[in-house]
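**Q** Sharing a structure below in structure tokens format, with a few things to ask.
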Amino acid sequence: MARISVVNDVSLKEPTLVEGFPGVGLVGKIATDHLIDAHGMTHYANVHCDALPPVAVYRESETAATTPVRLYADPENDLVALRSDVPVKPGAATEVAACLGSWFDEVDLFPVFLSGLGREKDESPPELYGIATGDGGEALGRAEVSEPSESGLVSGPTGAMLAAALEDDRDAVGLVVESDPQFPDPEAARVLILDGIDPITGVETPTDGLVEQASEIRDAKQQLAEQMRRATEESSQAEPLKMFQ
């Protein structure tokens with residue numbers, strides 16, 4: 001059973017959706033949470049899918065309980081963000097992808113999927129590259145996002161949604177950024193926003209807070225990151241294909 005329960009009506013034309021399921025370095029979640037806060041996005045809808053954990057979430061200084069996966073909207077920029085406070089179990093990834101995919105088609109969304117590629121940190125900035133389904137490559141070209149430097153695959157709920165987009169010939173892009181494989185990585189999330197999300201969506205997002213508050217962000221996200229490490233198969237992640245091509 002799939003249902004998107006609208007909380008606040010907003011006017012959207014042909015919105016771009018940025019997906020933030022937890023994954024390697026929590027880069028997608030950190031980037032999406034930052035977009036929501038930086039643009040003052042409105043809590044638009046709650047996501048109800050049977051495959052999602054049956055839990056209720058509450059926020060600091062708020063009494064209202066919500067679903068663990070929610071949608072936020074910025075009608076001025078025609079932008080929607082998917083915020084998830086829970087990982088998705090491996091057996092549920094396909095069902096969650098199908099649940100959201102039907103809504104993507106109904107609303108005529110252009111999805112931007114986010115994933116981290118585990119790399120040990122060094123002095124160089126994290127590299128970002130993009131992949132696409134349908135005609136999504138046009139968006140990557142306009143944004144001048146680099147092509148992959150090696151073969152790989154994307155797994156978890158993000159991989160399942162990309163696979164569904166490929167099967168349905170839906171226009172979509174996937175952004176993959178090198179990320180810390182063990183700890184929350186605000187620096188990689190900043191690269192995702194500045195070099196990927198903003199150029200694709202045409203939005204300008206201030207990211208100073210991601211740098212200035214990196215330690216606080218890491219501490220706040222550490223518990224979720226540890227949960228993801230204990231069950232890496234639940235994590236949206238990119239990884240190289242170590243085989244002969």
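The values are calculated or read from the model by the stated rules, or taken from the named source; none is laboratory data. Remember, it's a predicted structure, so these values are computed and weren't measured experimentally. Heads up, the Cβs are rebuilt from the backbone with ideal geometry, glycines too, and the neighbour counts pull from every protein chain shown. The protein model used for the area step is the full one, side chains on, heavy atoms only, and it has no ligands, DNA or RNA in it. Shrake-Rupley method; radii C 1.70, N 1.55, O 1.52, S 1.80 Å.
**Q** Scan region 41-55 and give yes if some residue there is at positive phi, of a type in the set (A, V, I, L, M, F, W, C), touching a Pro at 6+ places or on another chain (Cβ under 9 Å) and in contact (Cβ under 8 Å) with a residue 24 or more places away in the chain, otherwise no.
**A** no
**Q** Can you tell me which residue is surrounded by the most Cβ atoms within 10 Å (Cβ to Cβ) among those in region 122-138 that are farther than 16 Å from residue 161 by Cβ and small (Gly, Ala, Ser)?
**A** Pass one, region 122-138, residues farther than 16 Å from residue 161 by Cβ: 122-129, 135, 137-138.
Imposing the further condition that a residue be small (Gly, Ala, Ser) reduces the set to 124, 137.
On the way: 124: 8, 137: 16.
Result: 137.
**Q** Pick out the one residue from 65, 81 that is of a type outside the set (D, E, K, R), without any contact (Cβ under 8 Å) to a residue 24 or more places away in the chain and touching a Phe, Trp or Tyr at 6+ places or on another chain (Cβ under 7 Å).
**A** 65
**Q** If you don't mind, there's one more thing I want to ask. If you take just the strands (runs of 3 or more DSSP E) that sit entirely in region 30-92, which of them hold at least 2 residues that are open to solvent by 20 Å² or more (accessible area, probe 1.4 Å)?
**A** Passing ranges, in order: 42-49.
**Q** Now for a separate question. Residue 147 passes all but one of (1) assigned to a loop (DSSP other than H, G, I, E, B); (2) open to solvent by less than 20 Å² (accessible area, probe 1.4 Å); which number fails?
**A** (2)
**Q** If you don't mind, there's one more thing I want to ask. Please go through (1) among the acidic types (Asp, Glu); (2) out of contact with any Asp or Glu (no Cβ under 8 Å at 6 or more places or on another chain); (3) under 20 Å from residue 32 (Cα atoms) for residue 178 and return the number of the only condition it doesn't satisfy.
**A** It is condition (2) that residue 178 fails.
**Q** Of all residues in region 155-189 being in a loop (DSSP other than H, G, I, E, B), touching a residue at least 60 places away in the same chain (Cβ under 8 Å) and of a type in the set (Asp, Glu), which is surrounded by the fewest Cβ atoms within 10 Å (Cβ to Cβ)?
**A** My answer is 168.
**Q** Scan region 190-213 residue by residue and report those that are open to solvent by less than 20 Å² (accessible area, probe 1.4 Å) and at pLDDT below 90.
**A** Of everything in region 190-213, just one residue is open to solvent by less than 20 Å² (accessible area, probe 1.4 Å) and at pLDDT below 90, namely 210.
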